């Protein structure tokens, strides 16, 4: 089953020989092997015009303080909307942030955002990037004024929301339409799970899948490959980033971070909240031999996760079945 | 919900039109009618003929900003906190939300969608108009200083709750309920700054505080179709720094949520607002 059903609608004008370009109907649908999403679009109905506006805003660097950075600069489609090769984000005026940009997909299933879960609603999640001095370094009022005076934005807001009024709510809701429609659920793993097209794991992948279920899925739980809890996986004795405790103020949350999804992990490196590991080999070696006994280390990792080299190859082979090339290459999501 | 049902029950008892509709009412409302005999009883006796049962009108609330009895003037005036330390204020703004009125008979009316941002630098924000309020004599007013739990985590909002108002934290979802910035020679922060951004809704650092005040029954808030009263509150900005805990700017000059914000919220919960008078 195609989870993002693309219905082609051919609209013909009254004039027989003038054919308007076919428009793909943008929809959000839940892959059958997924759980129920958390965001329902009740107060933000998806429309083609709303999605198109959100996408344009997402890729427009003119929104940033020095007109150099768009959302898409740090969230790149070929990296599953993470930031390729950047340990930590790199914003306006060459400013270096402190955290690695997470990939953006399946956000409609998330109830909290950012590594520390500080943001609670997808609709308000773009605000931090817009205002952070180290990301886009601007404010919403400046953006509203810019958009009011920049064609074709007023017309696009009109099409999306029925009037040319531009306000923060409309900006955020349209960006949300774009982001929430980014669903990645067509990896080889998904096809195997859904028994589609006769897909099956090869023996290396299957061995990796068994190991994964035994050693990793208590945190990186299927089908989203995260249980959305905040834990410490032993990166440092004393974390330089306070993580979840920045939000809760609880000492027991110091140095804990949201379990990241592992979907598209082949493309989302570098890894961890600070992007310290450049390869999956380094990540697996960390679990095998690098776990530090930090005070809040998750009990499951107290003795590390011993992995010999063939087990590592098996897990890596499995992790690569989580790559969704259809998603990475879908031109609906690309800057046009 | 309960409040509106009580109100419907109240209207039923004094308006014959509702009685004809009584058989159509939902079972839950019958239940309610049984649960609230006292309210109904007292409502029945109320037959003040100037109050028409489903008439609505409006009233205004004026917030007059002071610091310990003298008018608040941004940037220039110098004030003293309870510890005798000098300070100046450059920003003073706060949310008032979920305004609820109570009549002498106990019936309440919660004003729907009542969210207001009062900002010392914007004169028009200091007088708020509340429309569509059922007429009657009200003897108590309650409201939240800040924003209720749910709206802190809701999607993109407009109006008073629009994030452009600079009262929304982007890194830790939720509103700044009360924002006071200024300077004090005692502040150890850079440029002697005072930065009090009070907010947060999760225990143990929940800073949602409710304010309520009784209104003198001899001069209640009389809302009439031809009478739109004005309530006048004195708002003492210095209340952030005194009350439960007297604050010294040498030790507390910066807070953006967390335990220190709770200290400030506990102070202003009692001392920030005082109902001065009502013009009926």
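Projected label points at residue A:240 and residue A:332, each 7 Å from Cα along the beta carbon direction, are separated by 4.0 nanometres. Give the shape of the protein assembly as shown as rounded, prolate or oblate, defined through the alpha-carbon gyration tensor: a ≥ b ≥ c are the square roots of its eigenvalues, a/c under 1.5 means rounded, and otherwise the shape is prolate if a/b is larger than b/c and oblate if not. Since a/c reaches 1.5 and a/b is larger than b/c, the shape of the protein assembly as shown is classed as prolate. Its DSSP H runs of at least 4 residues, each contributing -39,500 (n - 2.57), put the calculated 222 nm mean residue ellipticity of the protein assembly as shown at -7000 deg cm²/dmol, to the nearest 500.
Calculated FRET efficiency, residue B:124 to residue A:313, Cβ-Cβ distance, R0 = 56 Å: about 0.25 to the nearest 0.05. Compute the long axis of helix A:309-320 from its Cα atoms, compare it with the longest principal axis of the Cα atoms of chain A, and write down the angle in degrees, 0 to 90, nearest 10. It is inclined by approximately 20 degrees.
Mean per-residue shielding of peptide A:131-141 is 2, counting Cβ atoms of other chains within 10 Å of each Cβ. The alpha carbon gyration tensor of chain A gives principal lengths a ≥ b ≥ c with a/c of 1.5 or higher and a/b no greater than b/c, which makes the shape oblate.
Among the residues of B:168-181, the average count of other protein chain beta-carbon atoms within 10 Å of the residue beta-carbon is 4. Rounded to the nearest 10 degrees, the inclination of helix A:48-58 to the longest alpha-carbon principal axis of chain A is 60 degrees. Quick check: from the Cα gyration tensor, does region A:87-246 come out rounded (a/c under 1.5), prolate or oblate? Oblate, since a/c reaches 1.5 and b/c is not below a/b. Suppose R0 equals 25 Å. What FRET efficiency, 1/(1 + (r/R0)^6) with r the Cβ-Cβ distance, do residue B:279 and residue A:165 give to the nearest 0.05? Step by step, r from the Cβ atoms, then E = 0.10.
How far is helix A:203-215 tilted off the main Cα axis of chain A, in degrees rounded to 10, range 0 to 90? The two axes meet at around 80 degrees. Counting only DSSP beta bridges whose two residues both lie in the protein assembly as shown, roughly 85 percent are antiparallel. Where in region A:181-205 does the label zone of residue A:29 land, with the point 7 angstrom along Cα→C-beta and an amide N cut-off under 20 Å? The answer is A:181-199, whose backbone nitrogens lie closer than 20 Å to the label point. The modelled label-to-label distance for the pair residue B:203/residue A:292, using points 7 Å beyond Cα in the direction of Cβ, is 3.4 nm. Only Cα pairs under 8 Å and 6+ residues apart enter the sum, and on that basis the relative contact order of region A:234-334 stands at 31 percent. For the peptide A:106-115, the mean number of other protein chain Cβ atoms found within 10 angstrom of a residue's Cβ is 1. If R0 is taken as 30 Å, the Cβ-Cβ distance between residue B:56 and residue A:45 corresponds to a FRET efficiency of 0.40. With label points built 7 Å along Cα→Cβ from the Cα atoms of residue B:234 and residue B:217, find their separation and express it in nm. The two pseudo-label positions are separated by 2.6 nm. The stretch between residue A:158 and residue A:196 holds 9.6 nm of extra length on full extension. This uses 0.36 nm per residue minus the Cα-Cα distance.
Any read-out appearing in this document is the output of simple, stated calculations on the displayed coordinates, not a laboratory observation. Note that the structure is a prediction, hence the values are computed from the model and not measured. Glycine gets a Cβ as well: all are built from the backbone with ideal geometry, and neighbour counts include every protein chain shown.
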